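The values are calculated or read from the model by the stated rules, or taken from the named source; none is laboratory data. Computed from a predicted structure; not experimentally measured. Quick reminder, even Gly has a Cβ in these numbers, built from the backbone with ideal geometry, and neighbours come from all protein chains shown.
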Amino acid sequence: MLSQAANWIEIAEVNPPALPDSRHLMLDHVWDHVLVTDNTFGKIRVSPYAFGARITHDVPSVKPTVVASTRDRNILAIESEVRGALGNGVRSFLVVVGDTRPQVEHMSHHYEIIEHLRALQSHLPQFEAGMTTRFRDWQFRRRVDAGAEFFVSGPIVDPATVVQSMDALRRDPADPPVYVMVIPPFSLRWVERMETIGAVPTGDRLRAELADGIDRERAWELSLEVAEAAKDAGFAGVILTGLKFNTIVDEAATVWHRARR
């Protein structure tokens, strides 16, 4: 459980397929924890609740945390999905606002959802509910007060920005654990795109290096440096994000697991 992090945890973000398939089997003994996204960038995919359920049934070595986006569901729809996932062994949920798209009517509020899920814990199978947060102390504190049991923040691409990001939260040791999203900086264009969706701005030194061009090996090296800096700064773990599924189960797994030997 991410809310009870006793040890450092490394998590891979995975997107469900557009249509049902067996790709989740590729996660077996590759990643211990995965974060299952909910229709990122408004692209319709298989329900993350259903995908998380398939993981718990078919790949018991992997623990899924399912993203619960409030962007286009009311509170009853979200509770129904959570109940179904609980019945299939999913025990971890991350509440997010979701992508803002003009054609979507926002029908539910993420603070309302986290409070509702915490209330459900009294009479449903054991589960945990976390929230995302920016690196702003007032937002973090408000979400702690709302009852979130763990937090996800970031993404971060530059190791030099890790400490200042954690400091910005003014986190008390008694506060719930915080996980940071990590994105390998494969190119300046890729980093700038990530910054438009909330990534922590990259420092001048790394930006200059990216402008000169770096290879994938260097990009992976930087992501590992972010992880090490995050561990030292007091984060509970990292979430490798922004990558294709095949990259997560192949290249990313090889690079990260090799670095841990």
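Might you check whether a residue that is crowded, with 18+ Cβ neighbours inside 10 Å and in contact with a Leu (Cβ under 7 Å, 6 or more places away or on another chain) occurs anywhere in the stretch 24-34?
yes
Considering only residues that are within 21 Å of Ile214 (Cβ to Cβ), assigned to a loop (DSSP other than H, G, I, E, B) and not β-branched (Val, Ile, Thr), look in the stretch 162-189 and name the one that is farthest from the chain's Cα centre (by Cα).
Taking the candidates together, the pick is Ser187.
Determine, yes or no, whether Ser223 is of a type in the set (Gly, Ala, Ser), crowded, with 16+ Cβ neighbours inside 10 Å and out of contact with any Pro (no Cβ under 7 Å at 6 or more places or on another chain).
Criteria not met by Ser223.
What are the residues in the stretch 61-88 that are under 21 Å from Ile239 (Cβ atoms) and outside any helix (DSSP H, G or I), if any?
Ser61, Val62, Lys63, Pro64, Thr65, Val66, Val67, Ala68, Ser69, Thr70, Arg71
List every residue pair whose Cβ atoms lie under 9 Å apart, where the two residues are 6 or more positions apart in sequence or sit on different chains, the first residue falls within the stretch 24-43 and is under 13 Å from Asp250 (Cα atoms) and of a type in the set (Val, Ile, Thr), and the second residue, located anywhere, is at pLDDT 90 or above and in a loop (DSSP other than H, G, I, E, B).
Pairs that qualify, where the first residue is under 13 Å from Asp250 (Cα atoms) and of a type in the set (Val, Ile, Thr) and the partner is at pLDDT 90 or above and in a loop (DSSP other than H, G, I, E, B), are Val30/Ser61; Val30/Val62.
Out of the stretch 9-60, which residues are among the basic types (Lys, Arg) and assigned to a helix (DSSP H, G or I)?
Arg23, Arg54
Does Val255 count as crowded, with 16+ Cβ neighbours inside 10 Å, touching a helix residue (DSSP H, G or I) at 6+ places or on another chain (Cβ under 6 Å) and more than 23 Å from Asp38 (Cα to Cα)?
yes
Can you tell me which residues in the stretch 44-88 are closer than 20 Å to Leu124 by Cβ, surrounded by fewer than 17 Cβ atoms within 10 Å (Cβ to Cβ) and either of a type in the set (A, V, I, L, M) or in contact (Cβ under 8 Å) with a residue 60 or more places away in the chain (or both)?
Within the stretch 44-88, Ile75, Leu76, Ala77 meet the criteria.
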